[in-house]
Amino acid sequence: MAIIERPASDTLTYSDMDAAVTATSSYGYLRRPVETTGWRSWAFTVDHKKIGIMYGVAAMVFFVIGGLEAGLIRLQLAGPEGTVLSADKYNQMFTMHATTMVFLFVMPMAAAFANYFIPLQIGARDVAFPRLNALSFWVFIFGGVFLNTSWFLGGGADGGWFMYAPNSDTPFSPSNGVDFWGLGLQIVGIASLVGAINLITTVLNMRAPGMSLMKMPIFTWMAFVTQMLLLFAIPVITVALFLLMFQRSYDATFFSVEAGADPLLWQHLFWIFGHPEVYIIVLPSFGIISEVLPVFSKKPLFGYPFVVFSGAAIGFVGWGVWAHHMFASGLGPISVAVFSVSTMAIAVPTGVKIINWTLTMWGGKLWFTTAMLFAVGLIVNFTIGGLSGVTHAVAPSDTQQTDTYYIVAHFHYVIFGGGVLGLFAGFYYWWPKIFGKCLNERLGKWNFWLMMIGMNMTFGPMHIIGLQGQPRRMYQWTEARAGEGFFNLGFWNLVATIGTFILGVGILVFLYNAIFQHRKEPAAPIDPWDARSLEWLTTSPPKPHNFDRTPTVHALDEVFHRKYEDVGEGDQHEYVLRTSLEDLVLEEERHADAHIHLPAPSYWPIVLAFALPIMAYGVIYTAWLIALGAAIAIAAMFGWALEPADAEPSDFDPPATGGESSSKELANV
Amino acid sequence: MRDSETGTSLTDVNLPNARGRTMGFAALAAAGLFVAGCAQNAPQDTTDPAGESAQMIYDLSWPIFAIAGIVGVLVISVITFVVIRDRDRGQPIPEQTHGKPILEIGLTILPALILIGVAIPTVGTLMALNDYDDTECVVNVTGQQWWWEFDYPVQDGCGGITEPIVTSGQMVIPADTDVLIRGTSRDVIHSFWIPRLNGKRDMVPGRVHSLKMQADEPGIYAGQCAEFCGLSHANMRMEVVALNDGDFETWKANQLEDYESPIGEQALAGEAAFVANCSRCHQVDGITDADGVPIVSRPDLQVYPGAAPNLTNLMTRNTFAGASWDLIDQDRRDEVWNADPDEFGALYLAGVEDSWFNEIDLREWLRNAPLKKPMYADPLQLDETDGLYRGMPNLALSEDQIDDLLAYLLELK
């Protein structure tokens, strides 16, 4: 059972709480796993840190898959009348590239960071619902794998990631690709929704004593806003996907024009989800660089409340701009005018963030580690993406730009420049926290510059290609429409392709750094960056219970203020290092809490998650599989509900010697 | 790329100090580089408007590009400045300031003011673009996988049309006239986009969307379906051909001339082959069987959207198969596309003659259409589409039949 830890409440012991909420005796065959090593320790874990690492690894695998898809797309478009891919395969490739990158890379990678660092940043020992956390990870894995099995079962989805009706219907997309897509995303959506509920509860209920909302680290804030967006956005896309499933598999007529449907219904549903999704993608990265910039500038985040409120404002206004994806759809001029103006309005809080990041660096003491380089790279590239965004908030201009490569350029500057670069800043910044070793900085700089040059060579020319009239999603382009002169569209298409491969090499450098070079690196010091926030107030990697003593928070940038003292007088400030982080952590160990109860691992999240793709195959192939999947799901739910709160003491090797409490005590580890 | 306006706008900005001037020059240099780096004479260049609507959009767009460019250069310059000035050179730990609210509020209001400045002309232009009151001519546009049909209903506009005209691939309009396009689709969503004349408008099944088209001068204006519409989306193109009033009258009269069977022996054999193989889907107005009964195509029995291009007067057009391939050879094409506005009409109205007929592509098309243009036209897939093709199947014609058909089709004008 999830133990909601409130260290301040001395009146209630944990064993009393157990007794209040769960059966104390086990049902014999229902036990809880106890392994702390081997594959079982990962498959059944409920530890937010292990789950975070698994999220990260899985997302990275999907990133490589999505990157290969991108490489094939650019190879096809390197020259006129490309023949690397057939029209059919090309359409599958761009659909799956976008789907993979959005749903299976950026979102879960952000979830990896949120999972790992939200509890650490708020001084908690785990998330509010640890088993749900495991469930959401395994549901994501099975959903992502299910989605990609379509490659071997008749081909991937071919309707574009936006999957506009009625082109998504069976007569126009006869393979099962779209079925896999619709069902796979429903499954992945469950993962996001469960995760959102879990993390929102965690942030609201489990912050350490003294951490008011306005003392909460900024990454946690941005991740929190993201989870709120997910909580409301995922149900919308789920409804749309549910209708699509019935449309395709059970002859419903939600999107059948001949039965009176209006195809614009799908567009509204998709973009009511799809626009907040953009902020779901970028806000976690904004949070990451809002941590990285202060650390490497040796200054607090400039205008913390403005960054918080602009994030929250984006979270609200983000719901009122969806139809700017539909300026050419024929909504009528009044609707278009309203959404055009609301889209401009959302540029203001976004601009506030850029200004605050810049002013954070202003007058600082800048240390250009790889993490810092990625953070500065994000500001620069996201500024370009934001400004090109303003140019198509202007609806009349957008009717020339939408569905051209100009839009492809724009959203890659936003999603890659604003999202992915932030995730890479996070890798380099938090790697020593997670693994106890730094990533190699020299390779890191190669990684950064190759990615920076590659991304600008790939997506920069697309501005020109688009404004000069090349639409998106065409499997071939032709000389006849490419213009004349040396710098014609053919030249820029080739440059973009070359850029893609430079970008790819940059990512290979990262993979080499993370997988091979990492092993040769020495152990990192406990405080490699002179960090400022609470996740550093523990060992690296953190112990299973995160903190020996639940920290009490007095300030934003708690760790900085514990380390440094201002000995200046009046307006003169002089900061002196009073205590090193090593000593602070040793101090915490000396005052470790007497009883630390951690949630026990569980067999059931992975079993329950496994049932979902079986049901989904059933929707596509045969109803019997739905019944089988449902049976497994119901069994898993009962197992989940009936399993004991903790493992039996006799299950441990050597057996635990707990007294009246059956929980595994981890005091004074 | 039009550079003159962008250039002047940037130098006109009155920047107060030396650093400002440097940034102005940097912005100018960036804009200059961008312009120099662009293709010339790209047929779908949005920055080279040739009609009223496209011009309005462009006039609204370029100042916004310029403002965005200046803001971008400013922001990136400030970042570069800070990154160089404040790098760690052993300076003491700076003051742990959390910000200055006045500065923050000021820097929030500033972009808001710029955006209000952008919003007002945006809404004005938007309303003007959607004002269809002064249109003088109506063309119905229908998209389907993967070609466009244009039909001219009976009307007083367009100089008077007494019988409906149906054509495809190329939409012929009178130059310097506001034409109202009423568009829809027969299957999935398509988007009608002639970049040099106007922005795009989706054509949605079950809905009729309007769009204004006007070309300042006679000429040919390229376009492409801009909404992903399935397998052969890339091969769904269209062109707008603008003719001066006299030439447009000639074109209309020619379209409405009565059908006459060809005279040559091979072309006559081709007519028979057409009736046997093609007329199930493709209409040629006026064609009759041996008894003089008009032959009416029934594409609704054969292809999914229930329509196939009407081939009446095919050789007055320059393209076929969704405007993806030319009926005229490359030299002739260059001549037509690059003609002076005064001479364009005559060149276009000459249509396709034997001496510049691009036989190769049309022959390949007749030999095996789905090989040339990907289409769901595989007999094995028919059970998935209620027994209907989408696009033209491989008709397994013999080479002799193809020779005859080519001879016949060349007579259709």
Checking the structure you have, find out if any residue of the range B:393-406 is under 19 Å from B:C229 (Cβ atoms) and either crowded, with 21+ Cβ neighbours inside 10 Å or at pLDDT 95 or above (or both). no
By residue number, the members of the range B:79-109 that are within 30 Å of A:Y564 (Cα to Cα) and part of a helix (DSSP H, G or I) are B:I79, B:T80, B:F81, B:V82, B:V83, B:I84, B:R85, B:P101, B:I102, B:L103, B:E104
Spot the failing condition for B:V123; the list is (1) under 22 Å from the mean Cα position of the chain (by Cα); (2) crowded, with 18+ Cβ neighbours inside 10 Å, and only one is missed. (1)
Selection from the range A:509-520 of residues touching a Phe, Trp or Tyr at 6+ places or on another chain (Cβ under 9 Å) and surrounded by fewer than 22 Cβ atoms within 10 Å (Cβ to Cβ) yields A:V509, A:A514, A:H518
Could you check, for the range B:236-256, whether at least one of its residues is more than 7 Å from every other protein chain (Cβ to nearest Cβ), without any contact (Cβ under 8 Å) to a residue 24 or more places away in the chain and outside any loop (DSSP other than H, G, I, E, B)? yes
Lone qualifier among B:E271, B:E217, B:E227 - being buried (at least 18 other Cβ atoms within 10 Å of the Cβ), in contact with an Asp or Glu (Cβ under 8 Å, 6 or more places away or on another chain) and among the acidic types (D, E): B:E227
Is it the case that the range A:205-221 has a residue that's within 12 Å of chain B (Cβ to nearest Cβ), buried (at least 20 other Cβ atoms within 10 Å of the Cβ) and in a loop (DSSP other than H, G, I, E, B)? no
Report whether or not A:T550 is within 17 Å of A:S580 (Cβ to Cβ) and in a loop (DSSP other than H, G, I, E, B). no
Being buried (at least 23 other Cβ atoms within 10 Å of the Cβ) and part of a helix (DSSP H, G or I) is the filter here, so list the residues in the range A:464-480 that pass it. A:I464, A:I465, A:G466, A:L467
Can A:L373 be described as in contact with an Asp or Glu (Cβ under 9 Å, 6 or more places away or on another chain), more than 7 Å from chain B (Cβ to nearest Cβ) and either surrounded by fewer than 24 Cβ atoms within 10 Å (Cβ to Cβ) or aliphatic (A, V, I, L, M) (or both)? no
Any chance A:I197 is surrounded by fewer than 23 Cβ atoms within 10 Å (Cβ to Cβ), of a type in the set (V, I, T), away from chain B (no Cβ under 14 Å) and on the phi < 0 side of the Ramachandran plot: yes
Test result for A:P432, touching a Pro at 6+ places or on another chain (Cβ under 8 Å), more than 14 Å from chain B (Cβ to nearest Cβ), assigned to a helix (DSSP H, G or I) and modelled with pLDDT of 95 or more: yes
Is it the case that some residue within the range A:304-313 is at pLDDT 95 or above, within 10 Å of chain B (Cβ to nearest Cβ), crowded, with 24+ Cβ neighbours inside 10 Å and under 24 Å from A:S388 (Cα atoms)? no
Between a first residue in the range A:89-107 that is within 11 Å of chain B (Cβ to nearest Cβ) and in a helix (DSSP H, G or I) and a second residue that is of a type in the set (S, T, Y) and crowded, with 24+ Cβ neighbours inside 10 Å, which pairs have beta carbons less than 6 Å apart while being 6 or more apart in sequence or on different chains? A:Y90/A:Y475
Does A:L366 satisfy the condition of being at the interface with chain B (Cβ under 9 Å from one of its Cβ atoms), in contact (Cβ under 8 Å) with a residue 12 or more places away in the chain and in contact with an Asp or Glu (Cβ under 7 Å, 6 or more places away or on another chain)? yes
Please determine, by comparing only the residues of the range A:481-508 that are assigned to a helix (DSSP H, G or I), of a type in the set (A, V, I, L, M, F, W, C) and surrounded by 21 or more Cβ atoms within 10 Å (Cβ to Cβ), which one is nearest to the chain's Cα centre (by Cα). A:L503
Filter result for the condition that a residue is among the polar types (S, T, N, Q) and in a loop (DSSP other than H, G, I, E, B), over A:S329, A:S335, A:S342: A:S329
Helices (runs of 4 or more DSSP H) lying entirely in the range B:307-407 (those with 3 or more residues that are in contact with a strand residue (DSSP E or B) (Cβ under 7 Å, 6 or more places away or on another chain) and over 24 Å from B:G143 (Cα atoms)): B:330-337, B:341-349
What residue, of A:G499, A:G485, is over 15 Å from A:Y405 (Cα atoms) and without any contact (Cβ under 8 Å) to a residue 12 or more places away in the chain? A:G485
When you look at B:P49, is it at the interface with another protein chain (Cβ under 10 Å from one of its Cβ atoms), at pLDDT 95 or above and not in a helix (DSSP H, G or I), yes or no? yes
Pairs where the first residue, in the range A:629-647, is part of a loop (DSSP other than H, G, I, E, B) and the second is surrounded by 14 or more Cβ atoms within 10 Å (Cβ to Cβ) and among the hydrophobic types (A, V, I, L, M, F, W, C), C-beta under 6 Å, 6+ apart: A:E643/A:L30; A:A645/A:M1; A:D646/A:A600; A:A647/A:V34; A:A647/A:A600
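Conditions (1) touching a strand residue (DSSP E or B) at 6+ places or on another chain (Cβ under 9 Å); (2) buried (at least 24 other Cβ atoms within 10 Å of the Cβ); (3) under 30 Å from A:M344 (Cβ atoms); (4) in contact (Cβ under 8 Å) with a residue 60 or more places away in the chain, marked per residue:
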| site | (1), (2), (3), (4) |
| --- | --- |
| A:F382 | no, yes, yes, yes |
| A:A393 | no, yes, yes, yes |
| A:T399 | yes, yes, yes, yes |
| A:Y429 | no, yes, no, yes |
| A:I434 | no, no, no, yes |
| A:R442 | no, no, no, no |
For B:A226, indicate whether it is outside any strand (DSSP E or B) and more than 12 Å from chain A (Cβ to nearest Cβ). no
Among A:L213, A:L199, the single one that is closer than 22 Å to A:A312 by Cβ and without any contact (Cβ under 8 Å) to a residue 24 or more places away in the chain is A:L213
Tabulated pairs, the range A:139-151, first under 15 Å from A:P108 (Cα atoms), second aromatic (F, W, Y) and surrounded by fewer than 18 Cβ atoms within 10 Å (Cβ to Cβ), C-beta under 8 angstrom, 6+ apart or interchain: A:F142/A:F610
Out of (1) within 22 Å of B:A396 (Cβ to Cβ); (2) without any contact (Cβ under 8 Å) to a residue 24 or more places away in the chain; (3) out of contact with any helix residue (DSSP H, G or I) (no Cβ under 7 Å at 6 or more places or on another chain), the odd one out for B:I295 is which? (3)
Which one of the conditions (1) crowded, with 23+ Cβ neighbours inside 10 Å; (2) touching a helix residue (DSSP H, G or I) at 6+ places or on another chain (Cβ under 8 Å); (3) at the interface with another protein chain (Cβ under 7 Å from one of its Cβ atoms) does A:D403 fail to meet, given that it meets all the rest? (2)
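The values are calculated or read from the model by the stated rules, or taken from the named source; none is laboratory data. It should be emphasised that the depicted structure is a prediction, and the values quoted were computed from it without experimental measurement. Glycine gets a Cβ as well: all are built from the backbone with ideal geometry, and neighbour counts include every protein chain shown.
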